[in-house]
Amino acid sequence: MGRQPHVAYLPPRGHQVVLGTAGTGKTVMAMLRALYLSDPGVEGSGRTLLVTYNNALVKYLGHLSEGNSSPNLDIRTFAKFARGYLHSRGLMNGWNVIADAEPRRGLIESAVREVAKGYKPHAFFERETGWFQDELAWIAGMGLRTESEYLGAERLGRRTPLSADLRKVVWKILEKYRELRSENGKRFDWSDIAMTVRDQLAIDDRPRLYRHVIIDEGQDLSPEEIRSLVAAVPNDGSVTFFGDYAQQIYGQGMSWRACGLQVGRIETFRDNYRNSEAIAKVAIALSSQPFFGKTNDLVPPVAPTASGPKPTLVRCATREEEISVVQAAARRLGTVGTVAVVGRTWADVDRACQGIASQRLKSDRYFWDSAPGIYRTTYHSAKGLEFDAVLMPFCGASTVPLAEVVDSLGKDDAAEREAKLLYVAITRAKSELLITYSGDLTPLLPTEGALFAEVRP
């Protein structure tokens, strides 16, 4: 089993980094390490936080701990941790102090318009709002506090460079956005709340609530979020980071090396225990394409030997035909195992599943039970989960990459991010993978090497 069992029992002090590809057991090992460090009978144990990005994965982690749960173990999203900590500091007086997605978008649009008034008409101000949202989130996520820090920062996660003059404009937009946000009674948004958490921890002389922090899917937390988690443990505690940079889907372009972790040895998982050999070959081919992006933290995978059928690629005449194919497969496969219908957007997922009984994997009320059946989720919310079979509808060029992402980020950056989303979706499947499309196939899927059984309904 390689190094997997070993990492659960790494020293209970200091910083540990565990990198691995999809299907190598990172989430299971993160759970086992959390249970170990929270066990009162273990030397160096203490209250432990197991933190991850989304609620669906929190529920899945809770399922993994059933029967072994400890009163010393909390499983939370970073957002819930941050909100709880700032509440303890008297800074979280209700939900309304945080600007959620739609209010934030509107305030950024207003900030762009206000700043543009001070300049001659320029195409820069006509960029899609998503571009400005992404850039401001990157600044906060990197923990950049001043304009000079931003001007000097290497812009990871974006291939198209931005001139110093335009960065100065972006900084003015950021300042105007924060001013407008404050006027509207919003102290934070979800991208910059970690900066305040870290600032408060620096002046907080109370005993730390947690002795140990385990971070699952760490590549999806920003550097500032991870730095704040590092600051949340005492000197005799530990931080363990589990991540896979092939699944970095939120655009920070960061490395754990920029997050304040002091590590002597990096543990690596290379053996894929989830996917069949045929499914893994598709994922490896996808991650080998030029637009996928490269980083020094990518772990070269070892293809599994588990047998299984080739993934099926179904070319349909219409979207309605895609829905028919997906629903027929879901009904058949859902009687004997877990099958997930995974789509690029919730609208696509709900459309593909309309009329069939399925469980939506997003709600905070959802409890994972691993029972055979049909589940539905998006590429983003599927992160960290696994199913016997995965069905991916609407993988045509008109849907993947998503047009609004291309408009916001440009063709090259959109291709990299959307390819990693495809990678996440594909690697959720243990033994069966079915992909449908109508019109032209997305250019992001690999087509060389006879990876698929290509059929028509």
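The values are calculated or read from the model by the stated rules, or taken from the named source; none is laboratory data. Just so it is clear, the model here is predicted, and its values are computed rather than measured. Virtual Cβ from ideal backbone geometry, glycine too; neighbours counted across all protein chains shown. Heavy atoms of the whole protein, side chains included, go into the accessibility calculation; ligands, DNA and RNA do not. Shrake-Rupley method; radii C 1.70, N 1.55, O 1.52, S 1.80 Å.
A few comments on the model shown:
- Every test in (1) farther than 17 Å from ALA194 by Cβ; (2) assigned to a helix (DSSP H, G or I); (3) open to solvent by less than 40 Å² (accessible area, probe 1.4 Å); (4) among the charged types (D, E, K, R) is passed by ARG104 save one, and that test is (1).
- Residue in the range 249-269 that is nearest to the chain's Cα centre (by Cα), counting only those that are modelled with pLDDT of 70 or more and part of a loop (DSSP other than H, G, I, E, B): CYS259
- Look at the range 122-151: where a residue is more than 21 Å from GLY410 (Cα to Cα) and without any contact (Cβ under 8 Å) to a residue 12 or more places away in the chain and a partner is among the hydrophobic types (A, V, I, L, M, F, W, C) and open to solvent by less than 60 Å² (accessible area, probe 1.4 Å), sitting 6+ places away or on another chain with Cβ atoms under 7 Å, you get LEU144/ALA153.
- No other residue among LEU209, LEU201 is in a helix (DSSP H, G or I) and either farther than 30 Å from GLU128 by Cβ or open to solvent by 30 Å² or more (accessible area, probe 1.4 Å) (or both) apart from LEU201.
Rundown of residues vs (1) at pLDDT below 95; (2) under 26 Å from the mean Cα position of the chain (by Cα); (3) among the aromatic types (Phe, Trp, Tyr), yes/no style:
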residue: ARG159; (1), (2), (3): yes, yes, no
residue: LEU174; (1), (2), (3): no, yes, no
residue: GLU179; (1), (2), (3): no, no, no
residue: LYS186; (1), (2), (3): yes, yes, no
residue: ALA194; (1), (2), (3): no, yes, no
residue: VAL197; (1), (2), (3): no, yes, no
residue: ASP204; (1), (2), (3): no, no, no
residue: TYR210; (1), (2), (3): no, yes, yes
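- If you filter the range 46-73 down to residues that are at pLDDT 90 or above and open to solvent by less than 20 Å² (accessible area, probe 1.4 Å), you find that the one that is farthest from the chain's Cα centre (by Cα) is GLY46.
Yes or no, residue by residue, for (1) open to solvent by 10 Å² or more (accessible area, probe 1.4 Å); (2) more than 26 Å from VAL28 (Cβ to Cβ); (3) under 17 Å from the mean Cα position of the chain (by Cα); (4) modelled with pLDDT under 80:
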| residue | (1), (2), (3), (4) |
| --- | --- |
| VAL239 | no, no, no, no |
| TYR245 | no, no, yes, yes |
| ASN272 | yes, no, no, yes |
| VAL282 | no, no, no, no |
| PHE291 | yes, yes, no, yes |
| ILE323 | yes, yes, no, no |
| LEU333 | yes, no, no, no |
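- Some residue of the range 431-439 being within 20 Å of ALA330 (Cβ to Cβ), modelled with pLDDT of 90 or more, open to solvent by less than 20 Å² (accessible area, probe 1.4 Å) and among the small types (Gly, Ala, Ser): no
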